[in-house]
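Presented below is the structure to which this report refers.
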Amino acid sequence: MKALLDACVLYPTVQREVLLKTAAKGCFTPLWSNRILEEWRRATARLGPLAMAQAEGEIALIRGFWPDASVEPRKGDEARLYLPDPNDVHVLAAAIAGSASVLITENAKDFPRGTLHEEGIRRDTPDHFLTSLFVQFPREIRAACDEVWEEAQRMDGCPSTQRAMLKKTRLPKLAKAIENSAV
């Protein structure tokens, strides 16, 4: 399954790391465009030059790890599509160009389900998407979350539990599913 990751799900570090570690374990194929990666980089610029430099390094790493993940919208698709926010048309056009079956975003209002359905794409939040994948790939998802938790523990200001970390980064259903699982 191919999933286009919107900039708003790449910017929160823990959410991005859980998604990408899940993809690295073969649960789905991530996609993005250069413009989406640039939006992520610009969003970090508000936090200062150090955060922006860190984002640039992370972007270089994910480009290297997933060289085929970057897709560019076709001009014809961008011209024919309509979304409530014209600045988001490139995201849907990239999903179409990459043959994504799902668009992962927190931005529901600007990606109407009907419009996406016409293109054969469904919209999903990271929490619902990962929780659904957990049903199919419990060991892989748990391992991805464990890896992110271990990394987070090495940093200052880490929540006291893995569940708290996942809840803080808008993955509460996934946190509950993992906690209630026997795997």
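Since every read-out is calculated from the coordinates, none of them should be taken as a lab result. Just so you know, these numbers come straight off a predicted model, no measurement behind them. Virtual Cβ from ideal backbone geometry, glycine too; neighbours counted across all protein chains shown.
Over every pair of different alpha-carbon atoms in the range 73-125, take the mean of 1/r and invert it; report that Kirkwood radius in Å.
10.7
Pop the C-beta distance of S99 and F65 into the FRET formula with R0 = 25 Å and round what comes out to the nearest 0.05. Computed FRET efficiency for S99 and F65 comes out at 0.80. Over the chain, all Cα pairs binned in 5 Å intervals from 0 give whole-percent P(r) values of 1, 8, 16, 21, 20, 17, 10, 5, 1, 0, listed from short to long. Here K75 is the anchor, and the lysines within straight C-alpha reach of less than 28 Å, apart from those fewer than 8 places off in the same chain, are K2, K109.
When the Cα atoms of the range 73-163 are enclosed in a convex hull and the volume is divided per residue, what value in Å³ results? Kindly include the intermediate steps, with their values, before the conclusion.
Numbers: hull volume 12.6 nm³, N = 91.
About 139 Å³ per residue, rounded to a whole number.
Checking every one of the GluC sites (Glu not before Pro) in the range 1-56 against DSSP loop status and a limit of 14 other Cβ atoms within 10 Å picks out no site at all. Exposed loop sites, defined as trypsin sites (Lys or Arg not before Pro) outside DSSP H, G, I, E and B with at most 15 other Cβ atoms within 10 Å, are absent from the longest region of the chain, namely 1-45. The orientation-averaged shadow of the Cα convex hull for the range 130-180, equal to a quarter of the hull surface, comes to 3.2 nm². Amide H to amide H distances under 5 Å link T29 with K2, A3, where only residues 5 or more positions off or on other chains count and H is placed in the peptide plane.
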